[in-house]
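Student: Quick one: the structure is below, questions incoming.
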Amino acid sequence: RPIGIFDSGVGGLTVLKAIRDRFPDEDFIYFGDTARVPYGTKSERTIIRYSLENARLLRKFNVKLIVVACNTSSSYALDILEKEMDVPVLGVVKPGASAAVKATKTGNIGVIGTEATIKSGAYRREILTINPFLKIFEKPCPLFVPLIEEGWLEDEITYMVAERYLSEFKNKNIDTLVLGCTHYPLLKNVIGKVCNNIKLVDSAEETALETGKIINKVKCTGKGEVRILVSDMSNRFKKIAEMIMGDSFSIEEVSVDVC
Ligand code: DGN
């Protein structure tokens, strides 16, 4: 049975790639809700509804595990998805939060993400549940997603935007920064330069490690197949998908049953 992964769009392919790099024999079904992206600016009610619909769609493909690659969905809908689904559901927030707690020495952690993710306080909650004495500094960085999707991964404008968002972290003695959005791992170079000496926590990598703990209990009978589904087919998706995956895949358009 395949591993199902969904995201609001193309960014979750960073999570697919991280998991696939570790478990190349597994089969994967990825769903990017490109017709309804972005989630990061939507209300809680809508994010939960879309997330449920996406998970139900993946369930139809007999997936053995659902990975919620989208930080925004993970921040709002994980509990509901866990209750609703009869297979394990893994989000990106818990793995990222626990990696940050392990990494920090100063006890000061920065978290960046979409407006909705930061507003939800999900990373803050998870981190403080593990260690209530840590200090958390959060900052929404909504311009990063469009810059990344434009392919401006090293552009001087991207540096300027990163400086503008992240300079306030510099005098807070932060030593760990959580990249709390699917897209941000693609900006590791820029963010790493702007926040030098700060350890970057990549939620995609941490989620891949967590996935291993779940799937290692079941023998893999996959063939290393990857199916990529989208709710709206566009050339833009194909282009960015190739940039993230470093490979080209066939992409199928499907419609999500609206509940
Ligand atoms: N996938 C979203 C996230 O990780 O929060 C980013 C894209 C979006 O919906 N704005």
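The values are calculated or read from the model by the stated rules, or taken from the named source; none is laboratory data. Keep in mind that what you see is a predicted model, and the values were worked out from it rather than measured. Ideal geometry is used to build each Cβ from the backbone, glycine not excepted, and the neighbour counts take in all protein chains shown. Surface accessibility is based on the protein's heavy atoms, side chains included, excluding ligands, DNA and RNA. Shrake-Rupley method; radii C 1.70, N 1.55, O 1.52, S 1.80 Å.
Student: Any residue in region 54-77 that is within 14 Å of the ligand (Cβ to nearest atom), part of a helix (DSSP H, G or I) and open to solvent by 30 Å² or more (accessible area, probe 1.4 Å)?
Tutor: yes
Student: Let me ask something additional. Determine whether region 247-259 contains at least one residue that is under 21 Å from the mean Cα position of the chain (by Cα), touching a residue at least 12 places away in the same chain (Cβ under 8 Å), farther than 19 Å from Leu65 by Cα and not in a loop (DSSP other than H, G, I, E, B).
Tutor: yes
Student: For region 154-176, what are the residues that are hydrophobic (A, V, I, L, M, F, W, C), away from the ligand (no atom under 16 Å from the Cβ) and open to solvent by 10 Å² or more (accessible area, probe 1.4 Å)?
Tutor: Across region 154-176, the qualifying residues are Ile157, Met160, Ile174.
Student: Do you know which residues across region 156-178 are charged (D, E, K, R) and at pLDDT below 95?
Tutor: Glu168, Lys170, Lys172
Student: Out of (1) over 22 Å from Leu13 (Cβ atoms); (2) within 14 Å of the ligand (Cβ to nearest atom), what's the single condition that is false for Gly40?
Tutor: Going through the list (1) over 22 Å from Leu13 (Cβ atoms); (2) within 14 Å of the ligand (Cβ to nearest atom), Gly40 breaks only (1).
Student: So in region 223-250, with the set limited to residues that are small (Gly, Ala, Ser) and open to solvent by 30 Å² or more (accessible area, probe 1.4 Å), which one is farthest from Lys172 (Cα to Cα)?
Tutor: Only one residue fits best here, namely Ser250.
Student: Quick test for you: out of Leu147, Leu179, Leu143, pick the one residue that is open to solvent by 40 Å² or more (accessible area, probe 1.4 Å), closer than 27 Å to Ser234 by Cα and within 14 Å of the ligand (Cβ to nearest atom).
Tutor: Selected residue: Leu143, the only one of Leu147, Leu179, Leu143 that is open to solvent by 40 Å² or more (accessible area, probe 1.4 Å), closer than 27 Å to Ser234 by Cα and within 14 Å of the ligand (Cβ to nearest atom).
Student: Now for a separate question. Taking Asn189 and the conditions (1) open to solvent by less than 70 Å² (accessible area, probe 1.4 Å); (2) in a helix (DSSP H, G or I), which numbered condition does it fall short on, given that it satisfies the others?
Tutor: Exception for Asn189: condition (1).
Student: Here's another thing I want to ask about it. Quick check, is Thr114 in contact with a Ser or Thr (Cβ under 7 Å, 6 or more places away or on another chain) and near the ligand (Cβ under 10 Å from one of its atoms)?
Tutor: yes
Student: From the residues in region 204-222 that are at pLDDT 90 or above and not β-branched (Val, Ile, Thr), which one is surrounded by the fewest Cβ atoms within 10 Å (Cβ to Cβ)?
Tutor: Lys213
Student: For region 24-47, what are the residues that are of a type in the set (A, V, I, L, M, F, W, C) and either at pLDDT below 95 or surrounded by fewer than 17 Cβ atoms within 10 Å (Cβ to Cβ) (or both)?
Tutor: Ala35, Val37
Student: Looking at Asp7, is it among the charged types (D, E, K, R), within 12 Å of the ligand (Cβ to nearest atom) and in contact with a helix residue (DSSP H, G or I) (Cβ under 9 Å, 6 or more places away or on another chain)?
Tutor: For Asp7, the condition - among the charged types (D, E, K, R), within 12 Å of the ligand (Cβ to nearest atom) and in contact with a helix residue (DSSP H, G or I) (Cβ under 9 Å, 6 or more places away or on another chain) - is met.
Student: I need a count of the residues in region 78-98 that are part of a helix (DSSP H, G or I), open to solvent by less than 60 Å² (accessible area, probe 1.4 Å) and within 16 Å of the ligand (Cβ to nearest atom).
Tutor: 6
Student: Check whether at least one residue in region 11-21 is open to solvent by 20 Å² or more (accessible area, probe 1.4 Å), away from the ligand (no atom under 16 Å from the Cβ) and of a type outside the set (Phe, Trp, Tyr), and report yes or no.
Tutor: Checked region 11-21: at least one residue is open to solvent by 20 Å² or more (accessible area, probe 1.4 Å), away from the ligand (no atom under 16 Å from the Cβ) and of a type outside the set (Phe, Trp, Tyr).
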